[in-house]
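The values are calculated or read from the model by the stated rules, or taken from the named source; none is laboratory data. All of these numbers come straight from a predicted model, not from anything done at the bench. Here the Cβ positions follow ideal geometry from the backbone for every residue, glycine too, while neighbour counts run over all protein chains shown.
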Amino acid sequence: MICVERDFIKEMKVMDQKNVDTYQELMNHIERVQKSLERDYNNIQFIEDRNLVDYYTYRIKAEEAQYDFLLQEAKRIETGK
């Protein structure tokens, strides 16, 4: 996946190094949030305590909002706006 990202970055519009670094950091953060969401989706299936259901529900909602924001930021950098 890292090799694909490098190739993708080479094909993007010419960007200064700061934007490339920021973009790579965003992609890493997006990957961490995706993994966290996967764990939480798996965990919520096996819990029985009502308090933990609420906990994972709020946690998933927060991570989904963070994921959406990070994707918007990545798209903004890709388009150069």
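List of remarks:
- Across the stretch 56-76, the number of residues qualifying as of a type in the set (Phe, Trp, Tyr) and touching a helix residue (DSSP H, G or I) at 6+ places or on another chain (Cβ under 6 Å) comes to 2.
- Selection count, the stretch 32-43, where residues are of a type outside the set (Lys, Arg) and without any contact (Cβ under 8 Å) to a residue 24 or more places away in the chain: 5
- Single match in Asp68, Asp40, Asp54 (criterion: assigned to a helix (DSSP H, G or I) and in contact with a Phe, Trp or Tyr (Cβ under 6 Å, 6 or more places away or on another chain)): Asp40
- The residue pairs whose first member lies in the stretch 59-81 and is in contact (Cβ under 8 Å) with a residue 24 or more places away in the chain and β-branched (Val, Ile, Thr), whose second member is assigned to a helix (DSSP H, G or I) and surrounded by 10 or more Cβ atoms within 10 Å (Cβ to Cβ), and whose beta carbons are closer than 6 Å, counting only pairs six or more residues apart or on different chains, are Ile77/Asn19; Ile77/Tyr23.
- Taken over the stretch 1-45, the criterion of being out of contact with any helix residue (DSSP H, G or I) (no Cβ under 8 Å at 6 or more places or on another chain), at pLDDT below 85 and of a type in the set (Asp, Glu) is satisfied by Asp7, Glu11, Asp16, Asp21.
- In the stretch 57-74, the residues that are among the polar types (S, T, N, Q) and either more than 12 Å from Val33 (Cβ to Cβ) or over 9 Å from the mean Cα position of the chain (by Cα) (or both): Thr57, Gln72
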